Amino acid sequence: MTHADALSPEALAALRRRYGLERERRVRPDGVRQYLAADAGFGYYADDPCAAADTTGREPLRDTVDVAVVGGGFGGILAGARLRQRGVARIRVVEKGGDFGGTWYWNRYPGVHCDVESHVYLPMLDETGYVPEWKYAPGEEIRRHAVRIAEMSGLREDALFSTSVTSLSWDEATEEWIVATDRGDEFRAAYVITATGTMSELKLPGIPGIEDFEGHTFHTSRWDYAYTGGGPDGGLTGLAGKRVGVVGTGATGVQVVPLLAEDAGHLHVFQRTPSSVDVRANRRTDAAHVGAGRHGWARERRDNFLRIVSGESVETDLVADGWTASAVLLEKLLPGFRRPGGREGFEAAYEMADAVKMEEIRARVDSIVTDPDTAEKLKPWYRYACKRPTFSDAYLQAFNRDNVTLVDTADTHGIERMTRRGVVVGGTEYALDCLIFATGFSVGVSGVHSGRLPVYGRDGVRLQHAWRQRGPRTLHGFTGHGFPNLIHLGGVQGASSVNFTHVLDEQAEHAAALVAAAEAGGAVVEPSPEAEDAWLAVLAADGPDHEWFHAECTPGYYNAEGRGRPNGPIAYPHGAVAFHELLRRWREESVGEVLRPRRSPRR
């Protein structure tokens, strides 16, 4: 940013006031309770439209495996692949979807693409020899790659699909986990790796009267192509002449709206908070462009990307996209971006850079959207990293079509109610034939961390009860005292990044190394309480004060709908690059600290 780009003190003060007013328009007293889970009376929203017709024709299992992996998305697949590379023979992946893929199994809506460059997002490109076809891969290409890794690693034969784990119980006598499922299985595993993801449970807006609407509804993660026709590339001929509404204007809405606009008779986009929408510039790529003929090309590229978005210096930006260009705003709280002058100096420097970027985003809206009133409603009035940034070369353009209407719901805090015929906003009823929920997933309600999957450790202590009383207690986010041979993948007390598959692969490597070390030493993996205390002290001592940022953000899943972030240390504060290096050193020097001799022989 040059001096000419800087805003005056008066302009910054006015911007702060505008941000505060726009935030207050959207804060709701019910916070995260404004959403409904897809269970109980709404369970049909979560049904699997892609599963094989017969998912009940197998007998319950009562056998024993080396490792049970809970979750068949990229986390579970990578854990299985890295375990296989370590020589582990009996690996069973349990997945509630009908096949491998996780998010990319469920999300098959029109226009679905990854918003991180495919050559760094897709893992194990070096090992599989695959080169993505697009800079930003469509969902089906990503799903096929997930299946490719799983099948190359021999994970399909023992996998259980259309199956959910209902409990994990530690048997101290045999030093094994008992894994129970909703299909009547009760098998045993020496180790359990949980890879249930942070956003796997779809959510619905808690709109009064939602059950009264007589039109058609579905969630974008369960797209109903039988109703819309077409496929992920569009051609939604079933919507011809129909009045269609879409709720949600985050990353999913930004991708799906342009294709809905092409085929719907009329499209109403119900928006509470607009996304920041920057240039995407997707294009086909070839092997020469990304240097795919060179050994280790993919690892080099993804390491380069991670270093940039983690605040590290590099000689060349190999990816050169919106993420790397805006790295200073995205990883705003990392020590690598600290400026002289302490917190006050950092906040001032960050605020200026952020203001310039957001003015650029808002100017882009004006340059594309022809109707001034619509353009004003599409402008994001918050700091860049308050919500996940989006990128599109078609979303804003869709609002120039005669058959697209933007309905702003900020003043009513969302849709007021639903009727038999449609939805009501500001006292106006919008008649619809179909309403599509692009409302995403609940954060932190899946798997072992939420309590939906009960985990009983030594002496029958339930993990969720222990954590509720004392907060999460782990070593590096992976293992905990009282829960032997249980290894977590995810974001709790570890490190994250915009390229989460890279983080998952590093975590999978660590999990496989823990299992290999235990097997080599005839041991059980379990940290001491002192090791947990030491790790919590690292997180608490080094963590910067983030609350100033999140408290000023517009409501969203980043700040629990305006309620701030959870109490207690939840992440390693120095970024993913430093965290991965810490794990590598620990494996080389200290892994023996979490191993204790096994009392029972392995079966």
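What you get for the chain, charging only the Cβ of Lys and Arg (+1) and of Asp and Glu (-1), is a dipole of about 540 debye around the Cα centre. Here is the short version for the chain: CYS50, CYS114, CYS434 have no other Cys C-beta closer than 4.7 Å. For ILE308, ILE436, the ranking by accessible surface with the largest value first comes to ILE308, ILE436, using a 1.4 Å probe. With a 1.4 Å probe rolled over the protein heavy atoms of all chains, the accessible area of GLU117, GLU172 falls in the order GLU172, GLU117, largest first. For LYS96, the residues whose modelled amide H falls within less than 5 Å of its own, excluding neighbours fewer than 5 places apart on the same chain, are GLY72, THR163. Backbone phi angles across region 419-424, fed through the Karplus curve with coefficients 6.51, -1.76 and 1.60 (θ = phi - 60°), yield HN-Hα couplings of 10, 4, 9, x, 10, 10 Hz in residue order; Gly and Pro are listed as x. A cut-off of 5 Å between modelled amide H atoms, ignoring neighbours fewer than 5 places along the same chain, links GLY234 with GLY111. Less than 5 angstrom separates the built amide H of VAL404 from those of LEU267, all sequence-distant by 5 or more or on a different chain.
Just want the answer: with Cβ charges of +1 for Lys and Arg and -1 for Asp and Glu, which residue in GLY57, VAL116, LEU514 is farthest toward the dipole's positive end in the chain? Farthest towards the positive pole: LEU514. Computed on protein heavy atoms with a 1.4 Å probe, the accessible areas place SER164, SER497 in the order SER164, SER497, largest first.
Placing +1 on the Cβ of every Lys and Arg and -1 on the Cβ of every Asp and Glu, with nothing else charged, gives region 57-203 a dipole about its Cα centre of roughly 280 debye. Within the straight-line cut-off of under 22 Å between alpha carbons, the lysines reachable from LYS377 are LYS357, LYS387, sequence neighbours fewer than 8 places apart in one chain being disregarded.
Computed 3J(HN,Hα) for region 225-232, one whole-Hz value per residue from the Karplus formula 6.51 cos²θ - 1.76 cosθ + 1.60 where θ = phi - 60°, is 6, 5, 8, 8, x, x, x, x, glycine and proline marked x.
Using just the C-alpha positions of the chain as equal point scatterers, what log10 of I(q)/I(0) does the Debye formula give at each q in 0.06, 0.08, 0.12, 0.13 1/Å? Here the Debye-derived log intensity ratios amount to -0.32, -0.58, -1.35, -1.57. Working note: Karplus 6.51/-1.76/1.60 with θ = phi - 60° gives region 122-137 the couplings 6, x, 6, 5, 4, 6, 8, x, 8, 10, x, 7, 10, 4, 10, 6 Hz, where Gly and Pro are set to x. Helix screen, the chain: DSSP H segments with Cα axial length of 15 Å or more and mean Kyte-Doolittle hydropathy at least -0.5 are 74-85, 251-263, 342-368, 500-521, 529-542.
Here region 211-280 is assigned +1 on the Cβ of each Lys and Arg and -1 on the Cβ of each Asp and Glu. Its dipole about the Cα centre then comes out at about 160 debye. Selection among TYR130, VAL455, HIS266 by position relative to the dipole of the chain gives VAL455 as farthest towards the positive end (Cβ unit charges, Cα centre).
The values are calculated or read from the model by the stated rules, or taken from the named source; none is laboratory data. Please read all numbers here as calculations on a predicted model, not as lab measurements. Positions of Cβ are backbone-derived with ideal geometry, glycine not excepted, and every protein chain shown enters the neighbour counts. Accessible surface is based on the protein model in full, side chains and every heavy atom, while ligands, DNA and RNA are left aside. Shrake-Rupley method; radii C 1.70, N 1.55, O 1.52, S 1.80 Å.
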